[in-house]
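S.K.: Starting off with a structure, shown below.
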Amino acid sequence: MQPSAGQRASVAPTLAHRLALTFAGLAALGAVTLLALILPAETAQAELQEQQTLIQVAVVAAQSLDRTMEERYRDVLLARSLGEMHSGTPAQQRRLLEQLQRDSPELAWVGVTDAAGTVRAATGGLLEGADVAGRPWFRQGLAGPSVGDVHPALLLSAMLPRSATGEPLRFVDISAPVLDAAGRVQGVVGAHLSWEWAQGVEEAALELAGRGRGIEMLILNREGVVLHGPETMVGALLPAEEVRRATPGTRGGMSASWGGTRYLAGYAVTGTRSAYPGLGWRVLVRQDAAHVAAQLAVLRQQIGLWGLLGILVSALVAYAAARTVGRPLGALTAAAVGLRGGGTQGLPRLRQYAEVDQLSAALHDLWEGRRAAEAEQAQLTATLEQRVSARTAQLAASNEALDAFTASVSHDLQAPIRHVAGYTSVLRRALAQGDVLKVERAVGTIERAAAQMDAMTNALLEFARTAQEPLTRRRVDVAALAAVARERLTPELEGRDVQWEIGVLPTVLGDAALLQQVMTNLLSNALKYSRHRDVAVIRVTSVTSADEWQVEVHDNGVGFDPDHAGRLFSLFQRLHRHSEFEGTGVGLANVRRVILRHGGRVWARGRPGEGATFGFSLPRAE
């Protein structure tokens, strides 16, 4: 017997059940696909990203090593060229070397020998009188400037305190010959850098990568021997052929196994600085690959849990959606069954889908409109906050400049004001006594004080304007600036023999008007302080590096005490009496303010009676 229609309806699965099972199956398929296909690719991508991080940490550490070695190498070359190294007493040489050591904490010992290898002077007096002719740094220093790789301390091991970790002292050597005027070797300047400095480089680099990630840093020499790293590995040869073959300045990533453990690693080779002969150190930063795997295991568990939740939610949503969709179908089915049973009511007019579509469209339009309004409001709020922050920063800078301006006015204008006040009383008494000579002297003093106040006030206004004028950056020919400055200073050349030597000057990026003021101030300064020379020699030179342009103005004038060089660029700071050289003490302060606004720096060198050099730098932009 065939089952009735009612029986078939009760046996067959409903639409809601079918959709629930279908969506649950799709959710399960998505979770399995994610675990089987996407997660392995995500694992490779995670390891690649981790390698890039390790490479960046290695590059930072390598650059730090290079930068410190280059700076100490230049310090040694500068020290050997100083007059004290040629003709100074041991005491003078010792003071110079100890100053160099104080400026550079990495230096454990610095000394100077004679040509036979006997130490003439050294920091702390250590090894003075000792024969170091057999030491490699001395022999290499006789031949020319050199650097020596990491080695244990020998002569100084018992004289210097042990390292903070208790490990034996190790040094990196820098040496250079001391030559007389004829180019003959008079001795050798040698410096020992404590290898403890590498520990600070590691800590700074690992701080950049983030603590608690199982990252460690090794420093290898050219042959792959570990110079710095875990105590058990120092002095051992690390099997890393790719790192050993790398050339100076290169970087890379790798995956390798050491000691039965698989590591992800990044490396960088020192030698990016051309100013000193590099030692070819290899900085290798590695991380146990299990650390990345552990992170991915957590991700796998999360994907599994979310997958199960997705299956359940998909089934529930599909079932509810099927019930909603099935209601009009059920109504139509009931109506059809009623018609088949003889009913006369007919099929209902159902418009749920059109109404749902219209409602969805209306709600979508309302939602998009609200989102657009919220985005616009957020943008306006962010713009307002940026403007408030910018104005706050400008106000803080203005307040700081105003404080400096007020301090200068209250301090440097007091002298002429006191002269005016004091000589006004003298003038009053002289008038009462009828003393014409005292009246004339008092009036003259008051006039000079008023003129001084006027000059200082104008200088202060000019100083303030340099901070207020907006920068208009464009390409500026420094040679043209020097030519215009010389033309403006023509009245000061009358009756003087001035020899100009203008070298090849660069084209820089900056504000032409403000940089013209800088060049005019520097050339005017050189003319003023060389006026007592029979022949004034003024040179303008430049040096171009990868990062900046440097311009210097040299003169053979009266010079200055180098201990006071830092005061020269401060407002109203003068190293000579007004009776010797006129001026307000604002010109160099203007130079400093303009250059700092351009992102550069200023400096001054000189000695009494030997002339002076004033220079500035500007960031280089092609």
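S.K.: Limited to the stretch 244-259, what total is found for residues that are part of a strand (DSSP E or B), surrounded by fewer than 18 Cβ atoms within 10 Å (Cβ to Cβ) and not hydrophobic (A, V, I, L, M, F, W, C)?
M.R.: So the count comes out to 4.
S.K.: While we're here: Sort out which residues of the stretch 204-243 are at pLDDT 85 or above, surrounded by 12 or more Cβ atoms within 10 Å (Cβ to Cβ) and assigned to a helix (DSSP H, G or I), and write them in order of number.
M.R.: Passing the criteria: A204, E242, V243.
S.K.: If you go through the stretch 229-255 one residue at a time, how many are in contact with a strand residue (DSSP E or B) (Cβ under 7 Å, 6 or more places away or on another chain), touching a residue at least 40 places away in the same chain (Cβ under 8 Å) and of a type outside the set (V, I, T)?
M.R.: Here the count works out to 7.
S.K.: Could you give me the residue pairs with C-beta distances under 6 Å whose first residue belongs to the stretch 256-278 and is touching a residue at least 40 places away in the same chain (Cβ under 8 Å), whose second residue is open to solvent by 80 Å² or more (accessible area, probe 1.4 Å) and assigned to a loop (DSSP other than H, G, I, E, B) wherever it lies, and which are 6+ apart or on separate chains?
M.R.: What qualifies is V269/P248; G271/P248; G278/P248.
S.K.: Which residue, of E223, E207, is without any contact (Cβ under 8 Å) to a residue 24 or more places away in the chain and touching a helix residue (DSSP H, G or I) at 6+ places or on another chain (Cβ under 9 Å)? Before the answer, list the steps.
M.R.: Details: E207 fails: touching a helix residue (DSSP H, G or I) at 6+ places or on another chain (Cβ under 9 Å).
Only one candidate passes the filter, namely E223.
S.K.: Those residues that are closer than 16 Å to A480 by Cα and crowded, with 21+ Cβ neighbours inside 10 Å, I need them from the stretch 533-546; list them, please.
M.R.: Step one: list which residues in the stretch 533-546 are closer than 16 Å to A480 by Cα, which gives 539-542.
Scanning the stretch 533-546 gives a single hit, V540.
S.K.: Since E128 meets every condition but one in (1) modelled with pLDDT of 90 or more; (2) under 30 Å from H291 (Cβ atoms), which condition does it not meet?
M.R.: All conditions are met except number (2).
S.K.: Something else now. What number of residues within the stretch 146-159 satisfy the criterion of being of a type outside the set (S, T, Y) and open to solvent by 30 Å² or more (accessible area, probe 1.4 Å)? Let's see the steps before the verdict.
M.R.: First, the residues of the stretch 146-159 that are of a type outside the set (S, T, Y): 147-156, 158-159.
Those still in the list that are open to solvent by 30 Å² or more (accessible area, probe 1.4 Å) too: 149, 151-152, 154-155, 158-159.
Here the count works out to 7.
S.K.: Scan the stretch 458-483 for residues that are modelled with pLDDT of 60 or more, out of contact with any Asp or Glu (no Cβ under 7 Å at 6 or more places or on another chain) and either assigned to a helix (DSSP H, G or I) or polar (S, T, N, Q) (or both) and jot them down.
M.R.: Looking only at the stretch 458-483, we keep the residues that are modelled with pLDDT of 60 or more, and these are 469-483.
From what's left, out of contact with any Asp or Glu (no Cβ under 7 Å at 6 or more places or on another chain): 469-470, 474-483.
Listed by number, the residues that qualify are V478, A479, A480, L481, A482, A483.
S.K.: Which residue is farthest from V201 (Cα to Cα), if the candidates are limited to the stretch 260-285 and must be open to solvent by 20 Å² or more (accessible area, probe 1.4 Å) and basic (K, R)?
M.R.: Going through the qualifying residues, I end up with R262.
S.K.: Cβ-Cβ distance below 8 Å, separation of 6 or more or different chains: which pairs start in the stretch 580-601 with a residue that is open to solvent by less than 70 Å² (accessible area, probe 1.4 Å) and at pLDDT 80 or above and end on one that is in a helix (DSSP H, G or I) and among the acidic types (D, E)?
M.R.: So the pair list comes out as N590/E462.
S.K.: May I ask you to verify whether E167 is more than 25 Å from T247 (Cβ to Cβ), open to solvent by 60 Å² or more (accessible area, probe 1.4 Å) and assigned to a loop (DSSP other than H, G, I, E, B)? Reasoning before the result, please.
M.R.: Details: more than 25 Å from T247 (Cβ to Cβ): yes; open to solvent by 60 Å² or more (accessible area, probe 1.4 Å): yes; assigned to a loop (DSSP other than H, G, I, E, B): yes.
In short, yes.
S.K.: Now for a separate question. Select, from A143, A182, the only residue that is without any contact (Cβ under 8 Å) to a residue 12 or more places away in the chain, open to solvent by 50 Å² or more (accessible area, probe 1.4 Å) and of a type in the set (A, V, I, L, M, F, W, C). Even if it seems obvious, please write down each step before you answer.
M.R.: Working: A143 fails: without any contact (Cβ under 8 Å) to a residue 12 or more places away in the chain.
Of A143, A182, the one residue that is without any contact (Cβ under 8 Å) to a residue 12 or more places away in the chain, open to solvent by 50 Å² or more (accessible area, probe 1.4 Å) and of a type in the set (A, V, I, L, M, F, W, C) is A182.
S.K.: So, one more: Would you check which residues across the stretch 529-565 are touching a strand residue (DSSP E or B) at 6+ places or on another chain (Cβ under 6 Å), farther than 12 Å from F614 by Cα and among the charged types (D, E, K, R) and list them?
M.R.: E548
S.K.: Restricting to the stretch 551-570, name every residue that is in contact with a helix residue (DSSP H, G or I) (Cβ under 9 Å, 6 or more places away or on another chain), of a type in the set (G, A, S) and either in a helix (DSSP H, G or I) or closer than 15 Å to M519 by Cα (or both).
M.R.: none
S.K.: Something else about it: What helices (runs of 4 or more DSSP H) lie completely within the stretch 1-91 and have 2 or more residues being of a type in the set (V, I, T), modelled with pLDDT of 90 or more and under 35 Å from the mean Cα position of the chain (by Cα)?
M.R.: On the way: elements: 5-11, 15-33, 39-81, 83-87.
Where helices (runs of 4 or more DSSP H) fall fully within the stretch 1-91 and carry at least 2 residues being of a type in the set (V, I, T), modelled with pLDDT of 90 or more and under 35 Å from the mean Cα position of the chain (by Cα), they are 39-81.
S.K.: Would the stretch 118-128 turn up any residue that is open to solvent by 40 Å² or more (accessible area, probe 1.4 Å), farther than 30 Å from A205 by Cα and free of Cβ contacts under 8 Å to residues at least 12 places away in the same chain?
M.R.: Looking for residues that are open to solvent by 40 Å² or more (accessible area, probe 1.4 Å), farther than 30 Å from A205 by Cα and free of Cβ contacts under 8 Å to residues at least 12 places away in the same chain, one finds none in the stretch 118-128, hence no.
S.K.: Additional query: For the stretch 547-565, give me the residue count where each residue is within 25 Å of the chain's Cα centre (by Cα) and open to solvent by 20 Å² or more (accessible area, probe 1.4 Å). Please lay out each step first, then the result.
M.R.: Our first condition is that a residue be within 25 Å of the chain's Cα centre (by Cα); within the stretch 547-565, this holds for 547-552.
So of that shortlist, the ones also open to solvent by 20 Å² or more (accessible area, probe 1.4 Å) come out as 547-548, 550, 552.
Matching residues across the stretch 547-565 total 4.
S.K.: When the residues of the stretch 473-532 are narrowed to those that are among the hydroxyl-bearing types (S, T, Y) and open to solvent by 50 Å² or more (accessible area, probe 1.4 Å), which ends up farthest from the chain's Cα centre (by Cα)?
M.R.: Taking the stretch 473-532 first, the residues among the hydroxyl-bearing types (S, T, Y) are 490, 507, 520, 524, 529-530.
When the remaining residues are screened for being open to solvent by 50 Å² or more (accessible area, probe 1.4 Å), the result is 490, 507.
Working: T490: 43, T507: 25 Å.
Here the answer is T490.
S.K.: Right, here's the next one. For the stretch 421-442, which positions are hydrophobic (A, V, I, L, M, F, W, C) and either at pLDDT 75 or above or loosely packed, with under 14 Cβ neighbours inside 10 Å (or both)? It would help to see each step written out before you state the result.
M.R.: Quick first cut of the stretch 421-442, residues hydrophobic (A, V, I, L, M, F, W, C) only: 421, 426-427, 430-432, 436-437, 439, 442.
Those that are hydrophobic (A, V, I, L, M, F, W, C) and either at pLDDT 75 or above or loosely packed, with under 14 Cβ neighbours inside 10 Å (or both): A421, A430, L431, A432, V436, L437.
The values are calculated or read from the model by the stated rules, or taken from the named source; none is laboratory data. Keep in mind that what you see is a predicted model, and the values were worked out from it rather than measured. Methodologically, a virtual Cβ is constructed for each residue, glycine included, from the backbone with ideal geometry; neighbour enumeration extends over all protein chains shown. Ligands, DNA and RNA are stripped out before the accessible areas are found, and what is left, the full protein with its side chains, is counted by its heavy atoms. Shrake-Rupley method; radii C 1.70, N 1.55, O 1.52, S 1.80 Å.
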